[in-house]
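S.K.: Before I ask anything, let me first share the structure, which is written out below as structure tokens.
The values are calculated or read from the model by the stated rules, or taken from the named source; none is laboratory data. Predicted model, so just to flag it, every value in this text is computed and none were measured. Note: ideal-geometry Cβ built from the backbone for every residue, glycine included; neighbour counts use all protein chains shown. Quick note on the areas: whole protein, heavy atoms, side chains included, nothing else; ligands and nucleic acids left out. Shrake-Rupley method; radii C 1.70, N 1.55, O 1.52, S 1.80 Å.
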Amino acid sequence: MFDLTGRTALVTGAGQSVGAGIARCLAAQGAHVVVNDIVAGRAESVAQGIRTAGGSSSVSRFDVTDPESVADGFAAAGAIDILVNNAGNAGAHTFAPKPFVEMEPDEYARFLDVNLHGVLHCSRAALPGMYERGRGRIITISSGAGTTGNRMGISLYGAGKGGAIAFMRHLAMESAAMGVTANSLALGLMANTAGGAHTERLAKSIPVGRLGTPDDVGAACVWLASDEASWVTGKTITLDGGSITT
Ligand SMILES: NC(=O)c1ccc[n+]([C@@H]2O[C@H](COP(=O)([O-])OP(=O)(O)OC[C@H]3O[C@@H](n4cnc5c(N)ncnc54)[C@H](O)[C@@H]3O)[C@@H](O)[C@H]2O)c1
């Protein structure tokens, strides 16, 4: 079960943290993994690590927020069976939480560009080939911030993540007859962003007693990417150790 031999996966923003873990898990199940990142050196290092571990991997450096760069990156990568839209947070910007009322309109784009438009651009680039081959998997890495409100000052991030979840639901309906599934994973707090009083408090409230790891997300991606998950589409699956505190 969950054998991905012969499949090619492209994981965006896979040069570190969650994306790197997803790339490693897909490769461990036999997929050829195209590691994308806006920072070429990060992508090279993850791809090299996969090859050293006996897997198959290459790099496609592009910026998911730039449709031309995305189209060139997909053209260079070849046929993609599995797309994981992982690039997110504030993209190339620092993620600085701020109450909405203090934000200027020109600050919205840093969250919407990567978390929503990046998903649109990459899905648009991947779909024609998937339709042609009659199969495909699109998985979008979202967040509890896209499904639940909180007071952390991340409303625009939540808007981008929630928008992508809604888009995936519609895409799932449009593409189901062509053998393509589209699902979202809504993550809780991951270990790589822990730190500070607020996240410490959140971490203590997680019922399973620990923060999320890249392997937790990678395992869910392996399942959704597999033939065995062909009956799962249009869903948002929460991975959060039991709860998301608002
Ligand atoms: N870390 C968390 O606690 C958490 C919680 C919920 C959801 N998420 C989501 O999980 C995903 C991964 O988060 P993370 O914390 O592992 O990310 P991260 O910030 O550690 O790494 C993201 C990678 O994406 C790359 N990147 C940024 N902008 C890009 C662009 N425009 N094009 C291509 N690559 C780009 C970065 O260079 C970086 O290597 C994101 O979608 C994030 O929103 C994370």
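S.K.: Look through Asp81, Asp63, Asp3 and report the one residue that is open to solvent by less than 60 Å² (accessible area, probe 1.4 Å), closer than 25 Å to Thr181 by Cα and more than 10 Å from the ligand (Cβ to nearest atom). Spell out how you get there, then give the answer.
M.R.: Numbers: Asp63 fails: more than 10 Å from the ligand (Cβ to nearest atom); Asp3 fails: open to solvent by less than 60 Å² (accessible area, probe 1.4 Å).
Selected residue: Asp81, the only one of Asp81, Asp63, Asp3 that is open to solvent by less than 60 Å² (accessible area, probe 1.4 Å), closer than 25 Å to Thr181 by Cα and more than 10 Å from the ligand (Cβ to nearest atom).
S.K.: Within region 183-196, is even one residue of a type in the set (A, V, I, L, M) and more than 13 Å from the ligand (Cβ to nearest atom)? Step through it out loud before you land on a result.
M.R.: Our first condition is that a residue be of a type in the set (A, V, I, L, M); within region 183-196, this holds for 185-187, 189-191, 194.
Now drop any that are not more than 13 Å from the ligand (Cβ to nearest atom), which leaves none.
No, there is no match, as no residue in region 183-196 is of a type in the set (A, V, I, L, M) and more than 13 Å from the ligand (Cβ to nearest atom).
The rows are residues; the columns are (1) without any contact (Cβ under 8 Å) to a residue 60 or more places away in the chain; (2) within 18 Å of the chain's Cα centre (by Cα); (3) under 28 Å from Ser155 (Cα atoms).
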position	(1), (2), (3)
Val33	yes, yes, no
Glu44	yes, no, no
Val84	no, yes, yes
Lys98	yes, no, yes
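S.K.: How many residues are within 15 Å of Leu187 (Cα to Cα) and among the hydroxyl-bearing types (Ser, Thr, Tyr) when one looks only at region 155-169?
M.R.: Residues meeting the conditions: 1.
S.K.: For Val35, work out the one condition from (1) more than 14 Å from the ligand (Cβ to nearest atom); (2) hydrophobic (A, V, I, L, M, F, W, C); (3) touching a strand residue (DSSP E or B) at 6+ places or on another chain (Cβ under 6 Å) it doesn't fulfil.
M.R.: Unmet condition: (1).
S.K.: Considering each of Gly91, Gly19 in turn, give the residue that is closer than 23 Å to Gly146 by Cβ, crowded, with 24+ Cβ neighbours inside 10 Å and within 18 Å of the chain's Cα centre (by Cα).
M.R.: Numbers: Gly91 fails: crowded, with 24+ Cβ neighbours inside 10 Å.
Every option except Gly19 fails the conditions.
S.K.: Picking from Gly55, Gly41, which residue would you name as being surrounded by fewer than 19 Cβ atoms within 10 Å (Cβ to Cβ) and either more than 22 Å from Met190 (Cα to Cα) or in contact with a strand residue (DSSP E or B) (Cβ under 6 Å, 6 or more places away or on another chain) (or both)?
M.R.: Values: Gly55 fails: surrounded by fewer than 19 Cβ atoms within 10 Å (Cβ to Cβ).
Exactly one residue qualifies, and that residue is Gly41.
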